[in-house]
1. Among the residues of the stretch B:58-67, is any open to solvent by less than 50 Å² (accessible area, probe 1.4 Å) and within 21 Å of residue A:102 (Cα to Cα)?
2. Determine whether residue A:119 is out of contact with any His (no Cβ under 8 Å at 6 or more places or on another chain) and facing chain B (nearest Cβ under 8 Å).
3. Looking only at the stretch B:85-119, which residues are in a loop (DSSP other than H, G, I, E, B) and not charged (D, E, K, R)?
4. Restricting to the stretch A:22-63, name every residue that is of a type in the set (S, T, N, Q), farther than 22 Å from residue B:76 by Cα and not in a helix (DSSP H, G or I).
5. Can you say whether residue A:74 is open to solvent by less than 50 Å² (accessible area, probe 1.4 Å), within 14 Å of another protein chain (Cβ to nearest Cβ) and part of a loop (DSSP other than H, G, I, E, B), as far as the supplied structure shows?
6. Kindly list the number of the only condition in (1) at the interface with chain B (Cβ under 10 Å from one of its Cβ atoms); (2) buried (at least 16 other Cβ atoms within 10 Å of the Cβ); (3) not in a strand (DSSP E or B) that fails for residue A:82.
7. Kindly establish whether residue B:32 is over 14 Å from the mean Cα position of the chain (by Cα) and open to solvent by 30 Å² or more (accessible area, probe 1.4 Å).
8. Look at the stretch A:1-11 and say how many of its residues are over 9 Å from the mean Cα position of the chain (by Cα) and in a helix (DSSP H, G or I).
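The values are calculated or read from the model by the stated rules, or taken from the named source; none is laboratory data. The model shown is predicted, which means the values in this text are computed figures rather than measured ones. Here the Cβ is made from the backbone with ideal geometry for all residues, glycine too, and neighbour counts use every protein chain on show. Just so you know, the surface numbers come from the protein's heavy atoms only, side chains and all, with ligands and any DNA or RNA stripped out. Shrake-Rupley method; radii C 1.70, N 1.55, O 1.52, S 1.80 Å.
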Protein chains: 2
Amino acid sequence: MAVFAHPEATETAFYRAFEQGDLEGMMAVWAPSSDIRCIHPLGGLLTGVAAIRASWNAIFRAQLPQRFEIERLSVFHADELVIHTVTETIVLPLQRQRFAPLLATNAYRRIDGSWHMVLHHASPVGGVETAEVVPFEGGETNATRH
Amino acid sequence: MAVFAHPEATETAFYRAFEQGDLEGMMAVWAPSSDIRCIHPLGGLLTGVAAIRASWNAIFRAQLPQRFEIERLSVFHADELVIHTVTETIVLPLQRQRFAPLLATNAYRRIDGSWHMVLHHASPVGGVETAEVVPFEGGETNATRH
């Protein structure tokens with residue numbers, strides 16, 4: 001099993017797996033536990049490894065090449081449990097487009113010395129606008145701008 | 001300052017204040033801290049007491065008499081930090097209507113022996129459908145049904 005020494009490493013691995021459509025990498029991030037919870041944007045509550053794995057499999061099958069820009073806005077931490085709130089901005093490099101940022105609450109639990117995701121709750125800001133994409137404003141170098 | 005012996009008491013007080021449009025009761029639930037975070041459905045991230053208080057004030061000014069049905073679906077806990085995921089079903093008794101359930105992630109931190117809310121992240125399931133309400137199906141006794 002993958003070992004993540006701190007929650008930031010887990011979060012990095014989460015978004016890398018998401019970008020790459022890497023189902024095994026994604027599931028290595030999550031705690032192998034029946035009580036993990038995932039809420040995709042505007043989605044219902046998914047519980048447990050099988051349901052969450054199936055959801056990522058469906059997402060990755062439909063996914064265009066994409067890149068995430070993550071900004072960590074908030075951290076609450078206890079010894080064994082950490083909560084991050086981040087903005088997720090999805091960029092489609094081939095289309096030279098970026099989505100409006102989403103907000104996500106990510107929680108990580110320490111299990112046998114390794115931090116694993118136990119909760120991912122993502123939501124759009126402003127609703128239907130999240131379906132819209134805006135072109136890069138000034139060329140490729142802007143793609144990494146926050 | 002209000003003292004909440006456990007996170008369930010804090011959560012009960014949160015939804016009671018929400019139902020009653022009780023701004024002081026609502027703010028007594030929250031940690032008196034600059035790092036508290038609130039995401040209303042489809043809203044952006046609010047940070048700190050002043051911004052969060054202002055948001056509840058605006059909500060309560062526009063709010064019709066309403067009642068919450070809360071179902072707690074998930075709990076993650078550490079010594080000083082607890083995360084609940086709940087469904088929030090808003091019922092408008094005078095209109096005999098109920099909204100589609102929302103999902104919320106609520107986090108509580110223990111501060112000097114009292115549990116206070118530090119994060120509220122609520123989101124609709126299915127997007128615009130949350131603007132729709134459905135009538136009670138069989139009369140007043142169904143109002144408490146989950």
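1. Of all residues in the stretch B:58-67, those open to solvent by less than 50 Å² (accessible area, probe 1.4 Å) come to B:60, B:63, B:66.
Of the ones still in play, those that are also within 21 Å of residue A:102 (Cα to Cα) are none.
There is no residue in the stretch B:58-67 that is open to solvent by less than 50 Å² (accessible area, probe 1.4 Å) and within 21 Å of residue A:102 (Cα to Cα).
2. Details: out of contact with any His (no Cβ under 8 Å at 6 or more places or on another chain): yes; facing chain B (nearest Cβ under 8 Å): yes.
Spelling it out, residue A:119 is indeed out of contact with any His (no Cβ under 8 Å at 6 or more places or on another chain) and facing chain B (nearest Cβ under 8 Å).
3. First, pick out the residues of the stretch B:85-119 that are in a loop (DSSP other than H, G, I, E, B): B:93-96, B:100-101, B:112-113.
Hits for the stretch B:85-119 are B:93, B:94, B:95, B:100, B:101, B:113.
4. A:63
5. Working: open to solvent by less than 50 Å² (accessible area, probe 1.4 Å): yes; within 14 Å of another protein chain (Cβ to nearest Cβ): yes; part of a loop (DSSP other than H, G, I, E, B): no.
No; evaluated as a whole, the condition is false for this residue.
6. It is condition (3) that residue A:82 fails.
7. On the way: over 14 Å from the mean Cα position of the chain (by Cα): yes; open to solvent by 30 Å² or more (accessible area, probe 1.4 Å): yes.
Yes: the conditions hold for residue B:32.
8. Just the residues of the stretch A:1-11 that are over 9 Å from the mean Cα position of the chain (by Cα), to begin with: A:1-10.
Pick out the ones that are also in a helix (DSSP H, G or I) and you get A:7-10.
Looking only at that region, the number is 4.
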